[in-house]
Amino acid sequence: MILCANPHAQYLSHKSEIDDAVARVLNSGRYILGQEVRAFEEEFAEYIDVAHGIGVGNGTDAILLALAACGIGQGAEVITVSHTAVATVSAIVMAGAAPVFVDIEQDFFTMDPSGLEHAITPRTKAIIPVHLYGQAVDMEPVLAIAKKHGLPVIEDCAQAHGATYKNGRVGSFGAMACFSFYPTKNLGALGDGGIVVTNDSSLAARARMLREYGWAERYVSHIKGRNTRLDEIQAAVLRVKLRHLEQDNSKRVRLAGIYDRGLAGISRIRVPEKRRDATGVNHLYVIRCGERDELIAYLSEKGIHVLVHYPVPVHLQPAYAYGGIRDENRSLRKTEQTAGEILSLPMYPELGEETAQYVVDEIRRFISSKHPETELCLLKETGIR
């Protein structure tokens, strides 16, 4: 079986370094908020080119803490997208705020800045753009609109470790930014983990207090906080993987190139577009296909595991169907159409170029079997029968 993601293969790629790092922590006797966490926070912040990093328990908590640090809670509205992992919206709701959704740019799967102005009301307190699938949001207009209305931008970078936009890394543009280190991410732990990054010293100090009961000094809560700490073992693992992130991202980009070339021009398949002045890191490789469910079944028979990220937009899910859309003049048509067509192909650094080509060949065979009159010439060009 060819997996869609394979964190175990990532562990094996860096096994000796990871094992040594874990042993170092076990032998240190310090397991919570010790030297490994402090070192990783500094190293990751330097990588993103920001001043501060605050390690937390997971990516959802990272967004929740960022919202709380910015003073956003009950009665506030936060603008984001419905085409995202539910964690983005879950954090907004847990903060006591209401999500307000804008549609996406369908070519890039990310927030359409043209929808922001209409979504802003006196209750709007923040904007959360989501850098999805390893692709950056068009941040320039988002930041301009946010500045015009005096709104903080909190970047959701859970799927975009290392992606760039106009010569800056994602995570360096907003008031705060949030990353997840779920095992399948480009920078993945061997369990849960997350981080909040910022250039604002006061926001960083507040986030540090919020992650541990509101403590400024131990056992004394100055504000109401929670317990969400990145642990020492995960930090040590992440320090190892951070050293290899650029190389691993390059492998993803090469694999994406095989998909790009092999699937380009095939009718009924749309490969992902690339934003100008930005560099993606291919956390996922997401195609669009009107015959998606049939393609999934076919690929499964061929031993190829694929996934859908995400099959149901958040605003249509039972837990969140109460809203986010205030009137009928603003629809999420592109979001809803996209959800019915998208398909994530296998993508991880250890996948192998021959395996990626096999995935391409099987997709072409599927399309050829369904539409032989339009695909015959393409198949002859590659020698596939």
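Charge dipole (Cα centre; +1 on Lys/Arg Cβ, -1 on Asp/Glu Cβ; no other charges) of the chain amounts to roughly 360 debye. Against the chain, whose longest principal axis is taken from its Cα atoms, helix 353-370 shows a tilt of about 50°.
Just check the stretch 271-318 against the gyration tensor rule for me: Cα atoms, a ≥ b ≥ c as the square roots of the eigenvalues, rounded for a/c under 1.5, and otherwise prolate or oblate depending on whether a/b exceeds b/c. Oblate, since a/c reaches 1.5 and b/c is not below a/b. The gain in end-to-end length when the Tyr219 to Glu273 segment is fully stretched comes to 14.3 nm, 0.36 nm per residue minus the alpha carbon separation.
Heavy atoms of the protein chains alone define the surface here; on that basis the chain has 42 Å² accessible area per residue at 1.4 Å probe size.
How big is the dipole moment of the stretch 1-79 about its Cα centre under a simple scheme where the beta carbon of each Lys and Arg is +1, that of each Asp and Glu is -1, and everything else is neutral? Debye, nearest 20, please.
260 debye
Look at the dipole of the chain built from charges on Cβ: of Thr84, Gln357, Cys70, the Cα furthest out on the positive end belongs to Cys70. Take the alpha carbon gyration tensor of the stretch 107-151, find the square roots of its eigenvalues, order them as a ≥ b ≥ c, and report rounded if a/c is under 1.5; if not, report prolate when a/b exceeds b/c, else oblate. Judged from the Cα gyration tensor, the stretch 107-151 comes out prolate (a/c at least 1.5, a/b above b/c). Between Ser201 and Ala321, the contour length at 0.36 nm per residue exceeds the alpha carbon distance by 39.5 nm. Candidates Gly134, Ser267, Ile120 compared by Cα position along the dipole of the chain: farthest toward the positive end lies Ile120, with charges placed on Cβ. Evaluated with a Cβ-only charge set (Lys, Arg +1; Asp, Glu -1), the stretch 141-243 carries a dipole of roughly 180 debye about its Cα centre, given to the nearest 20. Relative to the longest principal axis of the Cα atoms of the chain, the long axis of helix 201-210 lies at roughly 90 degrees.
Pairs of Lys residues in the chain, spaced 8 or more positions apart or belonging to different chains, with C-alpha separations under 15 angstrom: 7 in total. Using the average count of surrounding beta-carbon atoms within 10 Å as a protection proxy, the listed peptides 172-182, 148-158, 198-208 rank, highest first, as 172-182, 148-158, 198-208.
I want the local charge near Gly280. Using Cβ-Cβ distances under 11 Å, sum +1 for each Lys or Arg and -1 for each Asp or Glu among the other residues. Each step should come with its number before you reach the end.
Working: positive: Arg252, Lys274, Arg275; negative: Glu273.
Here the charged neighbours net out to +2.
Taking Lys and Arg as +1 and Asp and Glu as -1, the other residues whose beta-carbon sits under 11 Å from that of Ala68 total +3.
Charge tally for Tyr348 (other residues, Cβ to Cβ under 10 Å; Lys, Arg +1; Asp, Glu -1): 0. Within the accessible area of the chain, the carbon and sulfur atoms contribute 50%, probe 1.4 Å, all protein chains present.
Once you order the gyration tensor axes a ≥ b ≥ c over the Cα atoms, which shape class does the chain get: rounded for a/c under 1.5, otherwise prolate or oblate by comparing a/b with b/c? The shape class here is oblate.
The values are calculated or read from the model by the stated rules, or taken from the named source; none is laboratory data. Small disclaimer: the values here were computed from a predicted structure and weren't measured. When we count neighbours, we look across all protein chains shown, and the Cβ atoms used for this are built from the backbone with ideal geometry, even at glycine. Please note that ligands, DNA and RNA were not included when accessible areas were found on the heavy atoms of the full protein model with its side chains. Shrake-Rupley method; radii C 1.70, N 1.55, O 1.52, S 1.80 Å.
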